1. Going by average Cβ neighbours within 10 Å, how do the peptides 186-193, 172-179 rank, with the highest at the top?
2. Using modelled backbone amide H atoms (1.01 Å from N, in-plane), which distant-in-sequence or interchain residues come within less than 5 Å of D44's amide H?
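Here, each number is a calculation from the coordinates, and none is a lab measurement. All of these numbers come straight from a predicted model, not from anything done at the bench. Cβ placement follows ideal geometry from the backbone for every residue including glycine, while neighbour counts extend to all protein chains displayed.
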Amino acid sequence: MNDMTDSSTNAFDKTDMERHGATSAGVVMKLREMIHQGELRPGDRLPPERDLAKMFGVSRPTLRAAIRSLAAVGALQSRQGAGTFVVKAEASPSLDSSSLRLMAALHGFTSAEMFEARQSLEMAIAGLAAERATSDQMATLSEEIAGMFASLDEPEQFLVHDMRFHQTVAAASGNRILTALMNMVAAILFDVRRKTVRRATDLKESAEMHRQIYRAIRERNPEAARSAMHDHLVLAQRAQEAEGVDDLADAEGNSNNGSASKETVS
């Protein structure tokens, strides 16, 4: 990993946050733009949190929310005591989800359709992971499950471990195309889920289901891994349907109305 160059650091000073908005979503957009344009390169370490928040003109909680969002979709990686880094391209192949977002807006994709697509992708991915996962990837999956159980009372942090778990399973499949497609779909579902995760219930059950997926992968049982992933995603979909949400736009709207709806993190 490399420290950022002076030229990269200067790019933050020239940031026009008025164009993106001084919100966590605005910070996400700007950081992604900097990565795509090569101002932030794979392996670069971001400036310290206090400095970066000042450069962007946002609060530290706002910055942290943006970093968590990007970490959850594999663009950034936070290492305790070391800092936050741009993930190396070969470690996290991804497709820009903007086209899928546009299609969802134009054609009114339902959450059921998104879950069905995710289920098709992740069941195949889980089966491949059971055949191909390395010992390091197994260790990472175990660590993320431990993180889930340790953050049952911290839904936002639980969600980060949840997403990292699924990304690690995808990487363990050894198929970069499936991994990229999964990350594209997951990025949209994550954006919806993170807005209501504070009202999440049954986090322990969700953590247990992730552990079942891990055990099947560890036992090199592709059929059991696919079955465990299927059961997990069916539960996640039912939890969302219980909220009465029919499409992604409704999900985003309902997340802001303060209702006491329930959600199980997936």
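1. Going from most to least packed, we get 186-193, 172-179.
2. Distant-sequence amide H within range of D44: N2, V86.
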